[in-house]
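Notes for the one structure printed next.
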Amino acid sequence: MSTGDGVSSNGHEPSVHDVVVVGAGFAGMYALYTLRGLGFDAVVVERADDVGGTWYWNRYPGARCDVESMQYSYSFDPELEQEWEWSERYSGQPEILRYANHVADRYDLRRDIHFETTVQRVDWDEDACRWVLQTDRGTYRARFVVMATGCLSTTNVPRFDGAETFAGPTFHTGNWPHEGVDFSGLSVGVIGTGSSAVQAIPVIAAECRELTVFQRTPNYTVPARNQPLDPDEQAHWKQNYRELRAEMFAQRAAMVQRLPDIEDAAKDLGEQEFNERMEERWEVGGFTFYRAFGDVVLDAESNERVAQFVRDKIGEVVDDPEMAAKLTPHNTIACKRPCLDTNYYETFNQPHVHLVDVSATPIERISPAGVVVDGTEYPVDAIVYATGFDAMTGTLLRMNITGRGGVRLADHWDAGPRTYLGLGVAGFPNMFTVSGPGSPSVLSNMIPSIEQHVDWIARCLVDLRERSTTTIEAEPDAEAYWVDHVNAVADLTLYPTCNSWYLGANIPGKTRVFMPLPGFPPYVEICEDVASDNYRGFALA
Ligand code: NAP
């Protein structure tokens, strides 16, 4: 607690800055680089002992980015673009973390990052017009805070009865031991079949003695077709980065695909033409599969046709019809975050890989020796929780943020997150969220989205400085309009039709609201327009 005289409870003087950035992942690092370059006194606080955010924590076997390497990288410095060499079509976690470290070194970022510093509460000091951040390492005061806390940074560990009695080690994919885990000779249980599990399962299966996967909802996944990156392809990107980046930013998810996006309706195509188009994209691999038609996430009939194509593939790949049936999803395709894989369905052909369907009969409890479902104990030596995250809002709400009049962010967001542009929150002046709820964030290539947000925030802070403006705050009407807008856009799609983390449906008790905003280019245009129109919808004081 601050004692009110500007001295923190641990007796040390508070650390005073123009801007405190929370988080040293790709967003926090770029925020620091940019704000420092503009002459702001900015500091980053980070709970980990090094940079990397998502890529620092998610070190599970097989962890890899689904966005292709040449596009999952910063665009702000052409020299950085030229000097970094990517080795695979999709980068693995170790390579992305090396890139993050390279960026931190190259721009000397670490001198302004306070590691192993966890934010415990954040309060707006109305009289001083400053934020006060209490951390486990002391107090920070700043005119502005930038929440670069990531969308998937608070792990979700479901509460299973008896979990604490389990005799072996347990791991969460999003908080993996840095020294790695040796599964050889062990019987391993994996709970979950989302993106993390889809990547981890084939790699763990190759190492362990027995693998038992506990699946609540079968998942659609499309081959990634990862491979060493063709040097000619890398050279082509490097020679044409400016044009290719512009092309990326014009796409709705801020990434270009290997095959052209096609905008016709899947339901209208003849059988042969449909199958040819799908087969080609299945072979090419990656998200281009979902861009074969314009209406995969818009039209239920078209969606079902694409879904059936994947179901048929599962039937072809998986030898045992009973296993194939258990692995086959029946919900809308791509309304949960689509997965890309390397040998996921194939893994279930191996005799030491077992699948336990926990959709109808949930995991009953964890025993000292294994996982109990419907009265049967499945013995395992180690458990991997691939059970996801309290996405988009979890980390922000855990920081105990209070704004004007002592209003808690948790109360303001009681009925779901409310933001204006995913950048500001009414009643929380001078607080910016990077890739926050209400912005394209997780429906887009994250690094371009991050750069766009940080650039907008930086421009805003410069404008405020030039005009000697002290505070900027989303107006309640603008926020209400934006919440309606995000819902209206989501309602045009099939996204709200399944129980995804996009809706908060994976966390018991979390309000069901569609959190990200589909469509990067129109969103960028609105942000530009708002800034150019004297920050329309924000109150400046
Ligand atoms: P996730 O998609 O939320 O998957 C969690 C899994 O755990 C689901 O299969 C879920 O089942 C299951 N689960 C949760 N609670 C359970 C319970 N009580 N009993 C049984 N099963 C339970 O989490 P994730 O796989 O970590 O992925 C999260 C996001 O991170 C992804 O969607 C993606 O955006 C990102 N990510 C990206 C990459 C990449 O770029 N390659 C890789 C990994 C993750 P239900 O489906 O029934 O809820």
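The values are calculated or read from the model by the stated rules, or taken from the named source; none is laboratory data. Fair warning: this is a prediction, and the values are worked out from it, not measured in the lab. Note: ideal-geometry Cβ built from the backbone for every residue, glycine included; neighbour counts use all protein chains shown.
Odds and ends about this structure:
- Of residues in the range 475-511 being in a helix (DSSP H, G or I) and within 16 Å of the ligand (Cβ to nearest atom), the one surrounded by the fewest Cβ atoms within 10 Å (Cβ to Cβ): T497
- Contact annotation: residue pairs with Cβ atoms under 8 Å, 6 or more positions apart or on different chains, pairing a residue in the range 62-87 that is farther than 30 Å from H172 by Cα with a partner that is buried (at least 20 other Cβ atoms within 10 Å of the Cβ) and among the acidic types (D, E), are S75/E451; F76/E451.
- Test result for P368, within 13 Å of the ligand (Cβ to nearest atom) and either assigned by TED's automatic domain parsing to the domain that holds L186 or in contact (Cβ under 8 Å) with a residue 40 or more places away in the chain (or both): no
- Helices (runs of 4 or more DSSP H) fully within the range 164-250 counting 1 or more residues that are outside the structural domain of E322 (by TED's automatic domain parsing) and in contact with a helix residue (DSSP H, G or I) (Cβ under 7 Å, 6 or more places away or on another chain): none
Residue-wise test of (1) in a helix (DSSP H, G or I); (2) among the hydrophobic types (A, V, I, L, M, F, W, C); (3) in the same structural domain as Q257 (by TED's automatic domain parsing); (4) touching a helix residue (DSSP H, G or I) at 6+ places or on another chain (Cβ under 7 Å).
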{"position": "A334", "(1), (2), (3), (4)": "no, yes, yes, yes"}
{"position": "E346", "(1), (2), (3), (4)": "yes, no, yes, yes"}
{"position": "N349", "(1), (2), (3), (4)": "no, no, yes, no"}
{"position": "L355", "(1), (2), (3), (4)": "no, yes, yes, yes"}
{"position": "T361", "(1), (2), (3), (4)": "no, no, yes, no"}
{"position": "V372", "(1), (2), (3), (4)": "no, yes, yes, no"}
{"position": "E377", "(1), (2), (3), (4)": "no, no, yes, no"}
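- Residue pairs meeting the criteria (Cβ under 9 Å; at least 6 apart or on separate chains; first closer than 16 Å to T387 by Cα, in the range 177-200; second in a loop (DSSP other than H, G, I, E, B) and away from the ligand (no atom under 15 Å from the Cβ)): V188/R209; V188/D381; G189/D381
- Hits in the range 37-81 - residues which are within 16 Å of the ligand (Cβ to nearest atom) and hydroxyl-bearing (S, T, Y): T54, Y56, Y60, S69, Y72, S73
- Those residues of the range 143-197 which are surrounded by fewer than 24 Cβ atoms within 10 Å (Cβ to Cβ), at positive phi and within 15 Å of the ligand (Cβ to nearest atom), in sequence order: G162
- Which listed residue is touching a Ser or Thr at 6+ places or on another chain (Cβ under 7 Å) and aliphatic (A, V, I, L, M), from V222, V213: V213
- Within the range 395-416, no residue satisfies the criterion of being out of contact with any Gly (no Cβ under 9 Å at 6 or more places or on another chain) and either within 16 Å of the ligand (Cβ to nearest atom) or not assigned by TED's automatic domain parsing to the domain that holds E473 (or both).
- Where E525 falls short, out of the listed (1) assigned to a helix (DSSP H, G or I); (2) under 19 Å from R418 (Cα atoms): (2)
- Filter pass, T470 being within 16 Å of the ligand (Cβ to nearest atom), β-branched (V, I, T) and surrounded by fewer than 24 Cβ atoms within 10 Å (Cβ to Cβ): no
- Residues within the range 528-541 that are over 12 Å from C460 (Cβ atoms), outside any helix (DSSP H, G or I) and out of contact with any Phe, Trp or Tyr (no Cβ under 6 Å at 6 or more places or on another chain), tallied: 4
- Just one of (1) surrounded by 15 or more Cβ atoms within 10 Å (Cβ to Cβ); (2) within 30 Å of S73 (Cα to Cα) fails for W124. It is (2).
- Condition check for G370: surrounded by fewer than 15 Cβ atoms within 10 Å (Cβ to Cβ), over 21 Å from the mean Cα position of the chain (by Cα) and over 30 Å from T433 (Cα atoms): no
- Candidates A480, A505, A490, A474 - the one that is closer than 17 Å to P417 by Cβ and under 16 Å from the mean Cα position of the chain (by Cα): A505
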